[in-house]
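These notes concern the structure reproduced below.
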Amino acid sequence: MRILLVEDHIELSHWLSKALRDAHLTVECAVNGADADALLHTQDYALVILDLTLPKMDGLDVLRRLRARGGARAKTPVMILTARGGLEERVQGLNLGADDYLAKPFELAELEARVKALLRRSQGSEALVHQCGALSFDTNTRMFAYGGAALALTPREHAVLEALITRPGRAVSKEKLFDEVFALADDANLDAIELYIHRVRKKLERVQEGAAAITTLRGIGYLLQPRDPAP
């Protein structure tokens, strides 16, 4: 899940980015409203965390422009995160299309819980657990279990497997996986996805009963499905 964090306070941005990455999310950052507006015009995000008091363009204007743009990107969930916590501004933000509102100062645990809830809702399901054979993904804890034990994954391996397990029965293109695994600032090319697919496959091979497998559909993408038992 790739998130856009729009926050001009550099120390707070770094702290929040680290916390969200520790929760197995891919985070891109913008430090002013104009940059955020440009990114939202060209990039797809699962969620935007948006401060209101920003240089170059106010956060409410960023939100207004996003919702007025139309198309799938205009429906991107937005959580407003700001010290401007007055009732009038909260109402204005919600009326402009914000999905949630959290005033500073806040507890990190509450922010993480709200982020997880918005991500579940944006996927069109409130289901807490996704299952594929003996592999499961708990959207509340954001942890994978496999064959009755926790599955150890690097952040990018986690991002690849999450993108696949949350789209049951559907192939995911290499381009879509790349968008969800890597931030724009990352020095990587499209072929890097093949490396992480290979690594995840190796970890999935460790379980025999109820195993899950990643199938390559040439020209289409990758599909996660239960592995057929050996004859």
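What's the tally of Lys pairs in the chain whose alpha-carbon atoms lie under 28 angstrom apart, where the two lysines are 8 or more places apart or on different chains?
22
So if I place +1 on the C-beta of Lys and Arg and -1 on the C-beta of Asp and Glu, and nothing else carries charge, what would the dipole magnitude of the chain be about its Cα centre? I want it in debye, nearest 20. Display every interim value, and only then the final one.
Values: 30 positive and 32 negative charges, 147 e Å.
In debye, rounded to 20, the chain gives about 700.
In debye, nearest 20: dipole of segment 157-229 around its Cα centre with unit charges on the Cβ of K, R (+) and D, E (-)? Each step should come with its number before you reach the end.
Numbers: 11 positive and 12 negative charges, 67 e Å.
So the magnitude is around 320 debye.
Enter the mean projected area of the convex hull around the alpha-carbon atoms of segment 96-174, in nm², rounded to one decimal.
Numbers: hull surface 28.6 nm².
One quarter of the hull surface, i.e. the mean projection, equals 7.1 nm².
What's the percent breakdown of Cα-Cα distances in segment 163-206 across 5 Å bins, shortest bin first?
5, 19, 27, 27, 16, 5, 1
Compute the Cα gyration tensor for segment 32-77, then decide on rounded, prolate or oblate, letting a ≥ b ≥ c be the square roots of its eigenvalues: rounded whenever a/c is under 1.5, prolate when a/b is larger than b/c in the other cases, and oblate in all that remain.
Details: a/c = 1.73, a/b = 1.67, b/c = 1.04.
It comes out prolate by the Cα gyration axes.
Return the whole-Å distance between the Cα centroid of segment 161-175 and the Cα centroid of segment 130-149.
15 Å
Order of 57-69, 94-106 by packing, highest average Cβ count within 10 Å first?
On the way: 57-69: 18.5, 94-106: 14.8.
Ranked by mean Cβ neighbours within 10 Å, highest first: 57-69, 94-106.
Rounded to whole Å and sorted largest first, list the principal axis extents of the Cα atoms in segment 130-202.
That works out to 35, 24, 24 Å along the principal axes.
Carbon and sulfur together cover what percent of the accessible area of the chain at a 1.4 Å probe radius? Don't skip to the end; give the middle numbers.
Working: 6060 of 11490 Å².
Carbon with sulfur: 53 percent of the solvent-accessible area.
Under the classification rounded if a/c is under 1.5, otherwise prolate if a/b is larger than b/c and oblate if not, where does segment 2-54 fall, given a ≥ b ≥ c as square roots of the Cα gyration tensor eigenvalues? Before the final figure, lay out each step's value.
Numbers: a/c = 2.44, a/b = 1.16, b/c = 2.10.
Oblate.
Given +1 on the Cβ of Lys and Arg, -1 on the Cβ of Asp and Glu, and no further charges, what dipole in debye does segment 1-136 carry about its Cα centre, rounded to the nearest 20? The partial results should precede the final answer.
On the way: 17 positive and 19 negative charges, 94 e Å.
Here the size comes out at about 440 debye.
Project the alpha carbons of segment 2-133 onto their principal axes and report the range along each, largest first, in whole Å.
The principal-axis extents, from largest down, are 49, 33, 28 Å.
Please report, largest first and rounded to whole Å, the three semi-axes of the ellipsoid equivalent to the chain, where each semi-axis is the square root of five times an eigenvalue of the C-alpha gyration tensor.
Working: eigenvalues 235, 64, 48 Å².
Computed over the chain, the values are 34, 18, 15 Å.
Can you give me the P(r) profile for segment 95-231? Cα pairs, bins 10 angstrom wide beginning at 0, each as a whole percent.
10, 38, 34, 14, 4, 0
The values are calculated or read from the model by the stated rules, or taken from the named source; none is laboratory data. Note that the coordinates shown come from a computational prediction; the quantities given were computed from them, not determined experimentally. As a convention, Cβ positions derive from the backbone with ideal geometry for all residues, glycine included, and neighbour counts pool all protein chains shown. All accessible areas refer to the heavy atoms of the entire protein, side chains included, with ligands and DNA or RNA removed. Shrake-Rupley method; radii C 1.70, N 1.55, O 1.52, S 1.80 Å.
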